[in-house]
């Protein structure tokens, strides 16, 4: 996968998850795109962003106030705090692998993949990443592999995918006000999320 494709996947996943938590299709504004670009360039792993978004919405839902979270801006402090906290778990986080090495984490992911016939071929490729000494590079390759993994499941069961697409259309409701590009991006991101959920696919990440 090219760098541009990895970046697009990163943005798409964040956009889809934020829309999911809001319960509506969502069009990001310029400030949101700038935030995502900064997180990507700063090397904040996608799972960190997703977890922090969940935290913001969960706190809002239990606070009693339930304010409208209309922008990723509401999540920026939570993402910064969580990333700082997780970085502190690693010695020399950044271009240096965790002190204990990523082997055990990669092995755990590989074992999960081996429970499925479609996913099993990816287990060896995940284990092979243990030779890489840079955590950011491992994360980049895991994003790449996860996209390939979801693609494999989409290709393997056309009937199930058709049913998922039908469910997405119902869930999105009236999309007449969305431009074609936004609609396609929203549908694709939701498809990939629901495929992961239906087939119980693990998020491929060290975090």
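Subtracting the Cα-Cα distance of residue 124 and residue 80 from their residue separation scaled by 0.36 nm leaves 12.5 nm. In plain terms, the C-alpha convex hull of the chain casts an average shadow of 12.3 nm² when viewed from every direction. When restricted to Cα atoms, the range 1-89 yields an Rg and a Dmax of 13.0, 44 Å, respectively.
Computed FRET efficiency, Cβ-Cβ of residue 137 and residue 172, R0 30 Å: what is it to the nearest 0.05? About 0.25, to the nearest 0.05.
Using a Förster distance of 30 Å, how high is the FRET efficiency between residue 73 and residue 198, based on the Cβ-Cβ distance and rounded to 0.05? Efficiency at R0 = 30 Å is approximately 0.40. Just need the relative contact order of the chain here, percent rounded to a whole number, with Cα pairs under 8 Å and 6+ apart. That works out to 23 percent. In this simple spin-label model, placing a label point 7 Å from the Cα along the Cα-to-Cβ direction at both residue 156 and residue 188 gives a separation of 2.2 nm.
Read-outs throughout are calculated quantities, based only on the coordinates presented, and are distinct from any laboratory measurement. Just so you know, these numbers come straight off a predicted model, no measurement behind them. Note that each Cβ is placed from the backbone with ideal geometry, even for glycine, and that neighbours are counted across all protein chains shown.
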